[in-house]
Amino acid sequence: MDMILDRIRKEDATVKIGNKEFSTTGHTYVCGILNVTPDSFSDGGKWIGKDAALYRVEEMISEGVDLIDVGGQSTRPGYEQIPVAEELDRVCPILEAIKQRFDIPLSLDTYEPQVAKQGILAGADMINDIWGLQYDPRMAQVIAGENVACCLMHNRMSAIYENFMQDVAADLAHTVHLAESAGIGEDRIILDPGIGFAKNYEQNIEVLDRLQELHVLGYPLLLGCSRKSVIGQALDLPVEERLEGTLATTVLAVMKGCMFVRVHDIKENVRAIRMAEAILRRGE
């Protein structure tokens, strides 16, 4: 673990997702959320069905999305786990339909190895695991065996920490160890600090403030804050009014060197990134 924490971040490295390579430095990419669930906290039920999902994908691509993350199970606070068969029925036809029509890298948001395996066969180029390979040890083997990319999120069963940021970094280092031990390539790993998972409001704010410290792990970061409760609590606003708060976290992600932001509203976040990066380039 110490060796992982001491890793020097590589300059000008790339992460391959599908048939596209993404630079780990110098630009923040947009990962668009496509929930094909009836109960997601923000847009549940909106994109269920092949026609609705394809319409949304086409819209996201026109607005500048770089990667699309398909989710078949809500992971909002208090969610109820659905059977694997139901999750497969939700995501596989959508993944197949998107791949047939569009040339866009696809991520699959799941922590079930069986769903990951079948989803990859259906067209997923990356697995987005909210449990960072710690829900089921077979997940790391599936990702390594299929040689796809992965986004591994910080999560734990309870929000009890001794030294918060050190513990978050150590948890993520353990996840990296699991990935590397399974044979997942270094150029296939992205880390997510897990805003809204096993963290209270103050802890979420602290992670946002200290994001840059997680670069010590040596892997690119994805920040997922879009419309989440930390924004709602900070601004005292309902889900449908959290765009401006989301844009603030996206600009922060650019400033802190994150590789991706995972968001619902593509056009607005693409513009916010372009503006922030224009300012940073001037500073350089």
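The values are calculated or read from the model by the stated rules, or taken from the named source; none is laboratory data. None of the values given here were measured: they were computed from a predicted structure. Note that each Cβ is placed from the backbone with ideal geometry, even for glycine, and that neighbours are counted across all protein chains shown. The protein model used for the area step is the full one, side chains on, heavy atoms only, and it has no ligands, DNA or RNA in it. Shrake-Rupley method; radii C 1.70, N 1.55, O 1.52, S 1.80 Å.
The mean accessible area for residues of the chain, using a 1.4 Å probe and ignoring ligands and nucleic acids, is 45 Å² per residue.
Shown here are the Rg and Dmax of the Cα trace of segment 111-189, at 12.8, 42 Å. Divide the volume of the convex hull around the Cα atoms of segment 66-116 by the residue count and you get 75 Å³ per residue. Counting only heavy atoms of the protein chains and using a 1.4 Å probe, Asp51 has close to 130 Å² of accessible surface. Within segment 81-205, what whole-number % of the accessible surface is contributed by carbon and sulfur, with the 1.4 Å probe and all protein chains included in the calculation? Roughly 47 percent of what the probe reaches on segment 81-205 is carbon or sulfur. The calculated pair-distance distribution of segment 174-274 uses every alpha carbon pair, bins of 5 angstrom beginning at 0, and gives 2, 13, 23, 22, 19, 11, 7, 3, 1 percent. Projecting the Cα positions of Thr249, Ala234, His177 onto the charge dipole of the chain (unit charges on Cβ atoms of Lys, Arg, Asp and Glu, taken about the Cα centre) puts Thr249 furthest along the positive direction. Within the listed set Ala149, Ala169, Ala85, the residue fluctuating most in the Gaussian network model of the chain (springs between alpha-carbon atoms under 10 angstrom) is Ala85. Annotation for Asn163 and Thr14: the two label points, set 7 Å from Cα along the Cα-Cβ direction, are 3.9 nm apart.
Here the chain is assigned +1 on the Cβ of each Lys and Arg and -1 on the Cβ of each Asp and Glu. Its dipole about the Cα centre then comes out at about 420 debye. Amide H contacts of Asp192: Leu152, Met153, His154, Leu222, each under 5 Å away and 5 or more positions distant or on a separate chain (H built 1.01 Å from N in the peptide plane; Pro and chain starts excluded). What a 1.4 Å probe finds exposed on segment 220-284 is 53% carbon and sulfur by accessible area, rounded to a whole percent. Calculated mean residue ellipticity, 222 nm, the chain: -13000 deg cm²/dmol, from DSSP H runs (n ≥ 4) at -39500 (n - 2.57) each, averaged per residue and rounded to 500. Restricting attention to the chain, close to 15% of DSSP beta bridges with both partner residues there are antiparallel. Sorted largest first, the principal axis extents computed over the alpha-carbon atoms of segment 46-142 equal 37, 27, 22 Å.
For the chain, a Gaussian network of Cα nodes joined below 10 Å ranks Glu186, Glu206, Glu80 by mean-square fluctuation, and the top entry is Glu80.
Each Cα pair under 8 Å and six or more residues apart adds its separation to the average, and for the chain the resulting relative contact order is 21 percent.
Structure note, pairs Lys50/Lys117; Lys50/Lys267; Lys117/Lys199; Lys50/Lys256; Lys117/Lys228; Lys199/Lys267: Cα-Cα distances above 27 angstrom occur for Lys117/Lys199; Lys50/Lys256; Lys117/Lys228; Lys199/Lys267.
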